[in-house]
Amino acid sequence: MSDTTAPEPRSVLITGGNRGIGLAIARAFEANGDKVAITYRSGDVPEGLLGVRADVTDAASIDAAFSEVEAEHGPVEVLVANAGVTKDTLLMRMSEDDFTSVLDTNLAGAFRVTKRASKGMLKLRRGRIVLISSVVGLYGSPGQVNYAASKAGLVGMARSITRELGGRGITANVVAPGFIKTEMTAALPEDTQKNYLSSIPANRFAEPDEVANVVRWVSSPEAAYISGAVIPVDGGLGMGH
Ligand code: NDP
């Protein structure tokens, strides 16, 4: 006999879910019937979502945000580490701060939130961790030594988490978007955008929803046996990773 009961809504937390790809991910989980919380630093909380203030460079603010989400929605069962920044410049011009500040947000930020989330997931004996990387992490990109290093680091992080926690019903995967239409990419010079377009087999940039749907799926019960994977959403740009 098949089980016809609707799945229980899960407590989902997305860092940097107030705009761009993070907001699209939040909406995808919301449409799935889950209880969705997002972190934000300033501005307004998008309608229908639980907004908790947090800066991923600050472990205390992450701890406070998780406590708030746990009180409202229960322990976080799905964590999407999405918050990210760029500070592009060529290696010769890249300052120590350009490098470490990007690493601190993109890589150490993911470490801080996954560490905090793992507590609750271990108690639940289930969980889904999704780290938002980038095609650039494994493909490389001139002017993005800091960003690419931070995004490549997420692969080792997800695979190590998989080896540590894989036996406890927890998966950790990397989703690696290519060129997605958000404020981050709108800020790139026009010739950089043209260069990217010419090397994308799909011959177009993607909408944030196209990333969100993959994140939602890899967090679903159907993807229980996928862990430590790097899933590209890049129109074929980075083939061969
Ligand atoms: P946006 O610049 O549109 O949004 C970035 C988000 O990260 C914002 O919500 C921002 O919050 C948050 N954030 C940045 N720094 C911090 C911090 N220290 N603490 C908490 N939150 C922070 O970027 P996208 O939506 O384009 O990108 C989302 C993710 O996808 C990033 O990790 C990015 O690297 C990755 N990505 C994007 C691609 C693209 O083509 N757009 C391609 C590949 C990867 P706030 O509003 O408070 O600034």
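Key figures
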| read-out | value |
| --- | --- |
| Only Lys, Arg (+1) and Asp, Glu (-1) charged, at Cβ; the range 61-169 dipole about Cα centre in debye | 620 debye |
| Burial ordering of Ile62, Ile226, fewest other beta-carbon atoms within 10 Å first | Ile226, Ile62 |
| Amide proton proximity set for Val52, modelled H, under 5 Å, gap of 5+ | Ile38, Thr39, Tyr40 |
| For the range 151-241, size of Cβ-based charge dipole, Lys and Arg +1, Asp and Glu -1, in debye | 340 debye |
| Chain lengthening between Met184 and Ser220 when straightened (0.36 nm per residue, less Cα-Cα) | 10.2 nm |
| The range 11-231 - charge dipole about Cα centre, Lys and Arg +1 at Cβ, Asp and Glu -1, debye rounded to 20 | 760 debye |
| Residue among Gly240, Gly166, Val155 farthest towards the positive dipole end of the range 100-241, charges placed on Cβ | Gly166 |
| Rg [Å, one decimal], Dmax [Å, integer] - the range 11-231, C-alpha atoms | 16.6, 50 |
| Fewest-first ranking of Arg159, Arg10, Arg168, Arg204, using other Cβ atoms within 10 Å as the exposure measure | Arg204, Arg168, Arg159, Arg10 |
| Nitroxide proxy distance, nm - points 7 Å out along Cα→Cβ at Met239 and Asp58 | 4.6 nm |
| Cα lying deepest toward the dipole's positive end in the chain, options Pro189, Ile21, Ile129, charges on Cβ | Ile129 |
| Calculated from backbone phi, Karplus (6.51, -1.76, 1.60) coupling profile of the range 178-185 in Hz, x at Gly/Pro | x, 9, 10, 6, 9, 4, 4, 7 |
| Pairwise centroid distance, computed over Cα atoms, of the range 24-94 with the range 108-177, Å | 15 Å |
| Computed over the range 136-176, the ratio Rg/Rh where both radii use C-alpha atoms and Rh is Kirkwood | 1.12 |
| Whole-Å semi-axes of the range 43-96's equivalent ellipsoid (Cα gyration tensor) | 30, 13, 10 |
| Kyte-Doolittle mean at least 0.5 and Cα axial length at least 15 Å: DSSP H helices in the chain | 20-31 |
| Quotient of C-alpha Rg and 2.2 N^0.38 Å, computed over the range 5-86 | 1.02 |
| More than 24 Å apart - percent of Cα-Cα pairs taken over the range 72-186 | 29 percent |
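Any read-out appearing in this document is the output of simple, stated calculations on the displayed coordinates, not a laboratory observation. Nothing here was measured: the structure is a model prediction, and the numbers come from that model. As a convention, Cβ positions derive from the backbone with ideal geometry for all residues, glycine included, and neighbour counts pool all protein chains shown.
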